[in-house]
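What follows draws every value from the coordinates through simple rules; no lab data is involved. Predicted model, so just to flag it, every value in this text is computed and none were measured. For neighbour counting, all protein chains shown are included, and Cβ atoms are generated from backbone atoms with ideal geometry for every residue, glycine included.
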Amino acid sequence: MTSETQPPRNDWLQSYWMPFTPNKAFKASPRIYESAEGFYYKTSDGRKILDSFSGLWCCNLGHRHPKISEAIKAQVDELDYSNAFNFGHPKVFELANVIAGQFPGDLDHVFFVNSGSEAADTALKIAIAYQRLRGEGTRTRLIGRVNGYHGVGFGGISVGGMVNNRKFFGSLLPGVDHLSFPYDSQRQSFTRGEPDADVEPYMQQLEEIIALHDASTIAAVIVEPFAGSGGVFIPPKNYLKRLREVTKKHGILLIVDEVISGFGRMAAPNAATHYGVEPDIVTVAKAINNGSVPMGAAIVRKQIYDVFMEEMPAGVEFFHGYTYSGHPLAAAASLAAQEVFRTEGVYENTQALAPYFEEGVHSLKDEPNVIDIRNVGLAAGVTVAAKDGAPGARGGEVFLKTYEEGVAVRANGDHLAVAPILTMGRAEIDMTIEALRKGLRAAA
Ligand SMILES: Cc1ncc(COP(=O)(O)O)c(C=O)c1O
């Protein structure tokens, strides 16, 4: 940068192009987290902010858990990086066993990546390549869902269903269809937990898509157990189970994106276990190591892995991978985090707290502009009525006012999303709800 192009001295925020952030508004009025501990962030203007969004759905155990911090420090002093291709290090093998052990059935093989987006794209590639290797090379179509979010890779946005994440980026992957969004706000608003609605119309729609293209052209269906980034919408009871049945009947793989639901968010270790459903591929990231070092994974059934091993007799079996796949720091952090999940009663605490949280969020029903509230485990969505001609503006205002009250949540358009740290107690839930209440009133 030359001295002529040098920004003014106090303009130190300008060079960083922030992701999924209104850059101009942020830089006019920044919120800078300087440090964190437990349930709280500390800001550059000296405020303490209760983190009721678990970072970004990832710090499920709170910030700077001592066991995770220690593991990362010890790892960096032992092995900072290990070539991911043609070499391994002990912790990545150990971690694959630990992760595989938490998922049902024969979801036994783990392909490590560095984010949820990479996990989604990896899963889609595995699905298409698997179909080809088992002699069904015409199965290349993918089916996602309206309002779904599977990250920002071209695969993820193609099967994803959020219009702003798609419309700027051209024609995306060919051969993708979308299931309807399984939520009827006319009938299901203010539902506690899973709506009690008929899922068969959604299954009928899938059957019709299959009939239209023929099953022999379809590789996989990918869904989130509940729409997280889409605003916390929970499909009706039995949705995932029925989806499993229909996909299985037609030889279509079921990919379940557990990037948010994995590791406790639904008051269970993962959605597959919670629903008693065995997907063919599960994607995870975020809380796999409590958000401390970027990491994700695609967890794959034995039968799929075996096809790659058998059909590719020599050399590389899957032409895919990342420089930082299974990074030693991420793996060490994840081993520590998984031990905390196992030994510190995290899932039990989440289960015990969830009904209290549900009561709390639904107590916001009569606050100004609230038109819907939904919850599952320790996740909730509160929808406010959009302002005329300015969708998302009111949600953004409530988010800012709630932040002014000392609590961080998230606005996805006009849906406020709340995701408390799983180890919080009733006091933090109360603080969150009361800050949101004040935020809703202040933004009215
Ligand atoms: C269900 C789901 N899949 C994928 C992603 C993408 O993850 P990342 O931002 O780590 O790429 C997210 C992120 O929120 C997600 O919620």
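Each label point was placed 7 Å from the Cα along the Cα-to-Cβ direction; for Gln186 and Val163 their separation is 1.9 nm. Cross-link partners of Lys27 among aspartates and glutamates, defined as those whose alpha carbon lies under 13 angstrom from its own and excluding same-chain residues fewer than eight positions apart: Asp11. Ranked by the mean number of other Cβ atoms within 10 Å of their residues, highest first, the peptides 27-34, 378-385 fall in the order 378-385, 27-34. Once both labels are positioned 7 Å from their Cα atoms along Cα-to-Cβ, the gap between Glu207 and Glu434 label points is 5.3 nm. Using only the alpha carbons of the stretch 290-411, what is the convex hull's orientation-averaged projected area in square nanometres? Here the figure is 13.0 nm², rounded to one decimal. Extending 7 Å from the Cα toward the beta-carbon at both Val146 and Ala390 defines two label points whose distance is 2.8 nm. Would you mind working out the magnitude of the charge dipole of the chain relative to its Cα centre, with +1 at each Lys and Arg C-beta and -1 at each Asp and Glu C-beta, to the nearest 20 Debye? For the chain, the charge dipole is close to 740 debye. Highest mobility in the GNM of the chain, judged by mean-square fluctuation with C-alpha springs under 10 Å and restricted to Gly291, Gly175, Gly160, is found for Gly175. Cross-linked pairs Lys67/Lys241; Lys24/Lys401; Lys67/Lys401; Lys167/Lys387; Lys286/Lys401: Cα-Cα separations exceed 25 Å for Lys67/Lys241; Lys67/Lys401; Lys286/Lys401. In order along the stretch 58-64, the Karplus-derived 3J(HN,Hα) couplings, from 6.51 cos²θ - 1.76 cosθ + 1.60 at θ = phi - 60°, round to 10, 8, 5, 9, x, 8, 6 Hz, and Gly and Pro are given as x. Karplus-based coupling profile of the stretch 255-260, in residue order and whole Hz: 9, 10, 8, 9, 4, 9, with θ = phi - 60° in 6.51 cos²θ - 1.76 cosθ + 1.60 and x standing for Gly or Pro.
Which percentage, to the nearest 5, of the DSSP beta bridges contained in the chain is antiparallel? Among the beta bridges of the chain, antiparallel pairing accounts for roughly 65 percent. Summing Lys, Arg as +1 and Asp, Glu as -1, what charge do residues with Cβ under 15 Å from the Cβ of Thr21 carry, Thr21 excluded? Net local charge, Thr21 excluded: +4. Springs between Cα atoms under 10 Å define the GNM used for the chain, and in it the highest mean-square fluctuation of Leu79, Leu422, Leu253 occurs at Leu79.
Give me the net charge of Arg64's neighbourhood, meaning all other residues with Cβ under 12 Å from the Cβ of Arg64; Lys, Arg count +1, Asp, Glu -1. It works out to a net charge of 0.
All Cα-Cα distances of the chain, cut into 20 Å bins from zero to the largest, leave 25, 57, 18, 0 percent in each bin in turn.
Seen from Asp106, the other residues with C-beta closer than 15 Å to its C-beta sum to a net charge of 0, counting Lys and Arg as +1 and Asp and Glu as -1. Annotation for the stretch 341-443: GluC sites (Glu not before Pro) lying in DSSP loop with at most 15 further Cβ atoms inside 10 Å of their Cβ are Glu344. Helix-only arithmetic for the chain: the sum of -39500 (n - 2.57) across DSSP H runs with n ≥ 4, divided by the residue total, places the mean residue ellipticity at 222 nm at -11500 deg cm²/dmol. Annotation: amide H-H contacts under 5 Å for Ala36 (H modelled 1.01 Å from N, sequence separation of 5 or more, or interchain): Lys42.
Once you have the Cα-Cα distance between Ile371 and Arg426, take 0.36 nm times their residue separation minus that, and quote the gain in nm to one decimal.
Length gained, Ile371 through Arg426: 17.3 nm.
Using the Cβ-Cβ distance between Asp77 and Ser15 with R0 = 30 Å, the FRET efficiency computed as 1/(1 + (r/R0)^6) comes to roughly 0.40. Residues whose amide H lies under 5 Å from that of Ile218, counting only those 5 or more places away or on a different chain, are Thr140, Arg141; hydrogens are built 1.01 Å from N in the peptide plane.
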